[in-house]
Amino acid sequence: MGEGSAIRWVVLIVRLPAQPSRHRVAVWRELRKVGALSLGQGVWAVPDVPVFADGVQRALELVERAQGESVVLRAAGRGPQDAARFEAMYTAAREEDWAEFTADCGKYTGELDKEIGKAKFTLAELEEEEQSLERLRRWHRDLKARDVFGAPSSGEAERELAECVRRFEDYSDRVFAHMHAFARSEGRAL
């Protein structure tokens with residue numbers, strides 16, 4: 001979907017009671033989770049593509065449960081410059097998501113380095129690191145699904161995730177080599 005494409009948008013206008021605030025927070029979290037673009041207080045937009053439908057529906061159900069009001073509009077810009085501006089705003093939000101993801105990949109590989117440096121080669125640690133890697137994989141899938149315009153940083157994030165996988169495999173090999181060496185030294189087989 002290139003710059004100035006004729007993509008349409010779903011615009012949500014949401015009004016919720018001031019109290020309790022948990023309802024506003026729940027709706028905000030749901031819309032942020034699906035990658036909705038905040039246009040102002042209570043006004044959100046997402047590209048009108050199927051990947052967003054379930055999240056929008058969940059947000060609307062939260063509004064209804066909170067006895068709030070919502071209006072859903074389908075919209076398009078007046079011209080190519082409006083469409084391009086909306087796409088740029090949306091892509092900038094995805095760039096922020098990809099930057100956060102890439103930073104977390106760096107934290108993950110840093111954690112692996114720390115465990116290798118301490119020679120902490122246990123099954124419990126391996127399982128913990130595997131769960132962290134799975135969280136990164138799920139997050140990557142979610143970001144990729146909502147990055148409908150292909151933000152420039154998505155390629156770097158893909159490479160960072162591949163590096164996380166490679167580094168986890170290396171750590172896994174070290175854990176099993178350590179366990180086998182320990183078992184041999186004890187005269188046992190694994």
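The values are calculated or read from the model by the stated rules, or taken from the named source; none is laboratory data. Predicted, not measured: the structure shown is a model, and the values here were computed from it. Cβ atoms come from the backbone with ideal geometry, glycine included; neighbour counts cover every protein chain shown.
Things worth noting here:
- Filter pass, S154 being surrounded by fewer than 17 Cβ atoms within 10 Å (Cβ to Cβ) and of a type in the set (S, T, N, Q): no
Table: residues versus (1) within 25 Å of A36 (Cβ to Cβ); (2) of a type in the set (A, V, I, L, M); (3) in the same structural domain as D97 (by TED's automatic domain parsing).
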| site | (1), (2), (3) |
| --- | --- |
| R137 | yes, no, yes |
| G150 | yes, no, yes |
| A157 | yes, yes, yes |
| F168 | no, no, yes |
| S172 | no, no, yes |
| F176 | no, no, yes |
| H180 | no, no, yes |
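- Of residues in the stretch 80-103 being of a type in the set (D, E, K, R) and surrounded by fewer than 18 Cβ atoms within 10 Å (Cβ to Cβ), the one farthest from L136 (Cα to Cα): D82
- Of the set (1) of a type outside the set (A, V, I, L, M, F, W, C); (2) outside any loop (DSSP other than H, G, I, E, B); (3) on the phi > 0 side of the Ramachandran plot, all apply to Q67 but (2).
- Complete set of residues in the stretch 113-141 that are of a type outside the set (A, V, I, L, M), touching a residue at least 24 places away in the same chain (Cβ under 8 Å) and within 24 Å of E30 (Cβ to Cβ): R137, W139, H140
- Residue check, A83 modelled with pLDDT of 95 or more and either under 21 Å from the mean Cα position of the chain (by Cα) or not assigned by TED's automatic domain parsing to the domain that holds L161 (or both): no
- Filter result for the condition that a residue is outside the structural domain of R146 (by TED's automatic domain parsing) and modelled with pLDDT of 95 or more, over V72, V49: V72
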